[in-house]
1. Residue 329 passes all but one of (1) buried (at least 17 other Cβ atoms within 10 Å of the Cβ); (2) in a loop (DSSP other than H, G, I, E, B); which number fails?
2. Being crowded, with 21+ Cβ neighbours inside 10 Å, within 30 Å of residue 26 (Cα to Cα) and under 14 Å from the mean Cα position of the chain (by Cα) narrows it down to one residue among 230, 223; which is it?
3. Identify all residues within region 37-66 that are buried (at least 21 other Cβ atoms within 10 Å of the Cβ) and either assigned to a strand (DSSP E or B) or in contact with a helix residue (DSSP H, G or I) (Cβ under 7 Å, 6 or more places away or on another chain) (or both); write none if there are none.
4. Confirm whether residue 190 is more than 26 Å from residue 114 (Cα to Cα) and either in contact with a helix residue (DSSP H, G or I) (Cβ under 9 Å, 6 or more places away or on another chain) or modelled with pLDDT of 90 or more (or both).
5. Would you be able to say whether some residue in region 168-191 is in a loop (DSSP other than H, G, I, E, B) and in contact with a strand residue (DSSP E or B) (Cβ under 7 Å, 6 or more places away or on another chain)?
6. Strands (runs of 3 or more DSSP E) wholly in region 198-305 with at least 1 residues that are over 18 Å from residue 45 (Cα atoms) and not assigned by TED's automatic domain parsing to the domain that holds residue 172 - which ones?
7. Return the residues of region 71-102 that are over 28 Å from residue 60 (Cβ atoms) and either in contact with a strand residue (DSSP E or B) (Cβ under 7 Å, 6 or more places away or on another chain) or not in a loop (DSSP other than H, G, I, E, B) (or both); say none if nothing qualifies.
8. In region 4-14, what residues are buried (at least 18 other Cβ atoms within 10 Å of the Cβ) and over 21 Å from residue 205 (Cα atoms)?
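The values are calculated or read from the model by the stated rules, or taken from the named source; none is laboratory data. Keep in mind that what you see is a predicted model, and the values were worked out from it rather than measured. Ideal geometry is used to build each Cβ from the backbone, glycine not excepted, and the neighbour counts take in all protein chains shown.
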């Protein structure tokens, strides 16, 4: 058994090929005990293949995979200290809730009294007490998802693997289940590893996130660090909304760089870089005004409002600044009808603090 501060999952140089295609490319990764960890990335980036290797449904072509201090090479799926919750729930329609949850314990040969006790305990955790005799067809989507979770948790795995577990739910129920999953994970103390293509889902749930692209891990960090300090253009563009500008950088004194951008003009920032760079700014950092701003250490660009998308609590304002893509600024709607002071066709100035500009070299 590992110490509390040791990784419960350790991947060392793991790769997986399907023919000539590399699905997972030399991945090394540690997941800590008791952590809620997320793997995110676009479709086909390798995250599900990585999950299937952890579960034992795929075998790495190179590298080593350890779970709870044990090398999993050659260990069958049913002998691993993990359990997997599928996107499609995969619960038995002909069995009751209690029978579904207790099925794994029955196969393992536990006594009937212990099966009943552990089933009741886990149903209480997932808020399904009183639903024991119902069949899946009598349950809502959220309740069926809870049955799948309960069936996995009742086996007391060291790691619970979740493959897009909320994708079949509607938006409102999905948000509610996100909060329930986080609460459940903290209650049971089991390591959760979730695979999702929904970056907002990962940001709201995970302690740490690994962003994958083309089989490789681009960055592993906390949600806040990924959002505020992405290490490359791909991560910045994948995690949240962002505005991107190309430029060429040269050093300008100690720890200062001067960037020439076709859209923003000449920009000075703290940092160190030379050659081609990308400047980035989040939409919520941008301020819109009818007059130019005279504050120090800001970046400013003039444009024309082309469109406004109203989202209730905030509006996204799109400004044509002569670039291939309009600049996007997110403005909170303090007034009842929102955005009364800006309309399409208005000429405006968009500004943000230089310190809020991300400098991306990768």
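1. With (1) buried (at least 17 other Cβ atoms within 10 Å of the Cβ); (2) in a loop (DSSP other than H, G, I, E, B) applied to residue 329, the lone miss is (2).
2. 230
3. Result: 37, 38, 39, 40, 41, 60, 65.
4. Working: more than 26 Å from residue 114 (Cα to Cα): no; either in contact with a helix residue (DSSP H, G or I) (Cβ under 9 Å, 6 or more places away or on another chain) or modelled with pLDDT of 90 or more (or both): yes.
No: the conditions fail for residue 190.
5. If we filter region 168-191 for residues that are in a loop (DSSP other than H, G, I, E, B), which is where we start, we get 168-170, 189-190.
If we keep only those that are in contact with a strand residue (DSSP E or B) (Cβ under 7 Å, 6 or more places away or on another chain) too, we end up with 190.
The answer is yes; a qualifying residue exists.
6. 243-251, 256-261, 265-270, 275-281, 287-289
7. First, the residues of region 71-102 that are over 28 Å from residue 60 (Cβ atoms): 91-102.
Hits for region 71-102 are 97, 98, 99, 100, 101, 102.
8. If we filter region 4-14 for residues that are buried (at least 18 other Cβ atoms within 10 Å of the Cβ), which is where we start, we get 7-11, 14.
Matches in region 4-14: 10, 11, 14.
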